[in-house]
Every structure is written in structure tokens, then in C-alpha cells.
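Please read the structure below before turning to the comments.
The values are calculated or read from the model by the stated rules, or taken from the named source; none is laboratory data. As the structure is a prediction and not an experimental result, all values here were calculated from the model. No Cβ is skipped: glycine too gets one built from the backbone with ideal geometry, and neighbour counts run over all protein chains shown.
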Amino acid sequence: MPLLNDARRAVALARDVLANRRARAELSQRLSQLTPLEPGRYKIAVYFADSAVNLYQIRQWYKPLAELAKTWPVVVLSRAPTAATALYEESPLPVAYVRRVVDLEQTLADQDIRIVLYVNQNAKNFQMFRYGQRWHVFINHGESDKMYMTTNQFKAYDYSLVAGDAAIARLKKVLWDYDFDRRAIPIGRPQADHYSGTLPYTPDERTVVLYAPTWEGDRAAAAYGSIASHGVTLVRRLLETGTHRVIYRPHPRSGVVDRAYGQANREIQDLLVAANQRDPRAQHIFDQGAELGWQLSAADVAIVDISAMVYDRLASGKPLLITRPVAPEAEIDEGGYLSACEWLTATDASQIVSRIETVRADPASAERLAFWVERYFGDTTPGATTNRFHAAIQQLMDRWDEHAALHAGDGQLGASTGARGAASDRSGDSDDSDD
């Protein structure tokens with residue numbers, strides 16, 4: 001078995017190397033045809049060091065950032081060739097490919113970047129932290145009660161934009177000596193103002209059920225995925241009724257660690273194909289699209305795992321069920337919404353039809369939902385959270401101006417001197433680093 005696993009890893013590594021080479025070749029051709037970014041135009045950058053597999057983390061920010069860019073132009077700094085290739089194709093924001101550290105330094109020298117936004121905790125974020133005289137701001141890629149949301153890495157950033165009161169209460173339990181009043185800024189969920197899109201089916205009398213599970217996780221404590229434990233059974237039951245439409249949106253990393261999990265994922269896809277062949281009017285959806293929004297607003301009920309999807313759906317204020325992990329080691333923070341949510345156990349998966357009808361009709365469930373929506377996101381009136389996001393950015397820009405005035409006599413140490421220092425000390429910062 002160890003030899004077989006080594007062989008699989010070798011094949012996967014070879015596949016990644018080939019993908020990188022193809023991506024670099026494609027990028028080289030594209031970059032030769034692009035007009036360079038206008039110098040000095042951008043004061044906000046989104047730093048994305050990940051490969052294409054984690055593009056979902058920045059995709060959910062496309063619409064809020066595009067709206068912000070109407071006031072403050074935003075540029076995406078991409079470090080990996082596969083991600084940059086996709087970003088050039090789909091991003092509504094300008095993209096700078098900065099694979100090498102010298103490329104990053106040149107972009108910083110050309111632009112007046114005052115705020116750098118981060119959507120994840122990639123280790124390469126640390127390379128960007130070396131540049132001072134700008135705010136480094138963690139905006140994350142979702143709101144959830146995963147242990148990821150309480151990492152001490154929050155302290156590495158100058159500021160963090162968080163969803164609301166629940167996020168701050170969660171962080172206060174674990175971050176010691178942290179100035180929450182100044183460094184944690186609640187903005188709600190700006191994405192909720194953009195829950196829209198073209199439906200890939202024709203609406204009818206069917207009950208629409210969104211099933212959006214997460215991946216299997218890389219350790220038992222984070223084994224929240226339900227595809228193998230719940231998913232096959234509950235999807236099969238819903239397809240049998242003839243009165244439900246299933247939108248299946250699995251995490252893009254499903255099956256990368258556990259082959260059985262990946263097989264269950266493929267089995268659900270096969271079930272959807274077969275059901276649509278039997279009844280083309282059913283229009284069940286296997287959703288791999290880059291856009292997330294219409295799924296959350298269109299579904300009558302959502303079934304999600306412990307992940308950011310819980311809170312993406314919660315922000316819509318519509319009914320949801322949350323799968324309870326079967327792994328006893330899986331860490332569940334039941335101090336927040338998960339203390340009052342509608343759980344779906346693996347043994348309950350076969351009763352999914354009745355569970356859906358119950359959660360849709362129960363007034364007490366609706367009342368609890370409304371309470372937790374307010375607790376996590378504050379005012380969810382359309383446009384309110386976008387206004388808070390823009391106000392937070394303006395607040396940080398104003399603080400930048402204040403500090404620039406205070407340090408006017410210190411000299412320009414940011415993009416220029418900082419870059420020279422970085423160039424002379426690049427231990428661990430290979431110019432050939434990529435996916």
C-alpha cells in the first residue's frame with residue numbers, strides 16, 4: 001500500500017508539473033499581448049498566492065470587489081500560473097501575474113498600493129507582509145464556525161473584516177491581547193447583496209433543494225464532509241420522489257484525500273444524470289460554476305456541511321439543514337448557530353423528504369433562523385452590508401492618510417527600499433516558486 005500511495009503521489013506531481021508548464025506557456029503568450037497596467041492607478045490589491053484549485057476563495061469576492069472598484073480601483077496579484085490563467089479569463093478585476101518576487105516588487109513600485117486584501121491563509125502571504133506603509137487586511141473567503149475561523153494567524157494582519165457579532169465573540173475566546181475594537185471591523189456578508197444569476201433550469205412546482213457539501217478534510221478534526229456518509233442516500237431519496245429538483249454543488253477538492261469520498265461524489269453525479277435521462281423535465285443540476293449566488297437564493301431548502309456554506313445560506317434567511325459529521329473527532333463549535341441549527345444525522349439521511357417538509361413548515365425554526373441571521377450578519381437589508389464594506393475601506397484609507405502625514409519625514413521605505421531589502425535576502429522566496 002505505501003508503494004501504491006507513493007506511485008499515486010508521483011503521478012499527481014507529474015500532472016501538476018505538466019499543468020504548470022502548459023499554464024506558463026499560455027500565460028507567456030497572453031502577457032505579450034496585454035497592455036501594461038496604468039502606473040499609479042491602483043490603491044487596493046487582492047493578494048492571491050494559491051493555484052487554480054482554490055479559486056473559489058476569490059471568486060466569491062468578484063462582485064463585491066467589482067462594486068468597490070467603482071470607487072477604489074482594485075487589482076488582483078496572482079502568484080501561480082494556473083490561477084493566473086483562469087483569472088485573466090474570468091476576473092472582472094484587472095490582474096497582475098507576479099510569480100517571482102521581483103515581479104511583485106515591480107508592481108508595488110509601479111502602483112500606490114495602500115490596502116492589501118487577503119482571502120485565505122496561504123503561507124506565501126508572509127512574503128507580502130514584508131512591505132510596510134500599507135494595511136494588510138484579512139477578508140477571508142467565508143464566515144463559519146470551523147476552527148479555521150479562530151486561528152491565531154488573524155494577528156498577522158493589521159486589520160480583519162469580519163461578518164458580525166458572532167465572529168468577534170468566537171475570536172475573543174482564543175485571541176489573547178488583541179484589540180478587537182480597532183482591528184476587527186464588522187461588515188456583514190457583502191456577497192449576499194449579489195445573490196443573483198441566470199437559473200440553469202425552468203422553475204416549476206418542484207421543491208428545489210441545494211445540496212452543497214464540503215470536502216473530506218485533511219485530518220479527523222476537520223472531517224466535516226458528508227458526501228460519503230449522507231450524500232448518496234439523501235440524493236437518491238430526493239430523486240425518487242419526482243417532486244424535488246436537486247442542485248448538487250460539491251466542494252472542488254472533494255476526493256483529493258480520500259478515494260472513497262471521491263467515488264461517492266461521482267456516484268451522486270451519475271445518479272443525477274440517470275434521473276434527468278428518465279425525466280428530462282426534472283432538470284437536476286450538477287453545479288461546478290464559478291458563480292455562487294443564484295443557488296442560495298433559488299433553493300427552497302439547502303443542505304450543507306459545517307463550512308462557510310452554512311453562513312452563505314444563513315445570510316439569505318432561508319431554511320437550511322446542516323449535516324452532522326460522523327467522525328467523532330470532528331471539532332464542532334456549538335457555542336453559536338450550531339447550538340440551535342437543524343441537524344441532519346447520517347441515519348436521518350434516508351428520511352430527508354420528511355425532514356425538509358418539517359423545516360419548511362415549523363414556525364419555531366423560522367424564528368430561530370431570524371435570530372441567528374441578525375447575530376451573524378447584522379442588518380441584512382439589501383445594500384446595507386455593501387455600505388458597511390465600503391465604509392470600512394474608507395475608514396482604512398483615512399487611517400492611511402493620517403499615518404502618512406505623521407510619518408511624512410520618515411522617507412519612502414515601502415515599495416522601494418523594502419523591495420531592495422527583499423532582493424538582498426530571499427531565503428525561501430524562490431523566483432521559480434509556483435503551484
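Scanning the range 329-357 for residues that are surrounded by 14 or more Cβ atoms within 10 Å (Cβ to Cβ), in a helix (DSSP H, G or I) and at pLDDT below 95 yields Tyr337, Leu338.
Every residue, every condition in (1) assigned by TED's automatic domain parsing to the domain that holds Glu291; (2) of a type in the set (D, E, K, R); (3) in a loop (DSSP other than H, G, I, E, B), yes or no:
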{"position": "Asp193", "(1), (2), (3)": "no, yes, no"}
{"position": "Gly197", "(1), (2), (3)": "no, no, yes"}
{"position": "Tyr201", "(1), (2), (3)": "no, no, yes"}
{"position": "Tyr211", "(1), (2), (3)": "yes, no, no"}
{"position": "Val232", "(1), (2), (3)": "yes, no, no"}
{"position": "Glu240", "(1), (2), (3)": "yes, yes, no"}
{"position": "Val246", "(1), (2), (3)": "yes, no, no"}
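Once the range 219-230 is narrowed to residues that are at pLDDT below 95 and not in a loop (DSSP other than H, G, I, E, B), the residue that is farthest from Gln277 (Cα to Cα) is Ala221.
Evaluation of Ala123 against the conditions (1) under 23 Å from the mean Cα position of the chain (by Cα); (2) small (Gly, Ala, Ser); (3) more than 30 Å from Asp333 (Cβ to Cβ) shows that the sole unmet condition is (3). Checking each residue in the range 102-158 for being closer than 20 Å to Trp72 by Cβ and polar (S, T, N, Q) picks out Thr107, Gln111, Gln133, Asn140. For the range 28-144, the helices (runs of 4 or more DSSP H) that sit wholly inside it and include 2 or more residues that are among the acidic types (Asp, Glu) and more than 30 Å from Leu406 (Cα to Cα) are 81-90.
Okay, residues lined up against (1) under 20 Å from Leu296 (Cα atoms); (2) of a type in the set (Asp, Glu):
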site: Gly225; (1), (2): yes, no
site: Ala228; (1), (2): no, no
site: Val232; (1), (2): no, no
site: Val235; (1), (2): yes, no
site: Thr241; (1), (2): no, no
site: Val246; (1), (2): yes, no
site: Pro250; (1), (2): yes, no
site: Asp258; (1), (2): no, yes
site: Leu272; (1), (2): yes, no
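For the range 258-317, filtered to residues that are within 20 Å of the chain's Cα centre (by Cα) and hydroxyl-bearing (Ser, Thr, Tyr), the residue that is nearest to Pro92 (Cα to Cα) is Ser297.
The residues on offer are Val101, Val95, Val174, Val116, and the sole one that is within 18 Å of the chain's Cα centre (by Cα) and of a type in the set (Val, Ile, Thr) is Val116. Does at least one position in the range 286-296 carry a residue that is surrounded by fewer than 22 Cβ atoms within 10 Å (Cβ to Cβ) and at pLDDT 95 or above? Yes, the conditions are met somewhere in the range 286-296.
For the range 146-161, the set of residues classified as closer than 24 Å to Trp215 by Cβ and either at pLDDT 85 or above or among the charged types (D, E, K, R) (or both) consists of Lys146, Gln153, Phe154, listed by residue number. Filtering the range 216-233 for residues that are over 20 Å from Thr345 (Cβ atoms), within 18 Å of the chain's Cα centre (by Cα) and not aromatic (Phe, Trp, Tyr) leaves a non-empty set.
Annotation for the range 210-219: at least one member residue is farther than 19 Å from Tyr56 by Cβ and of a type outside the set (Gly, Ala, Ser).
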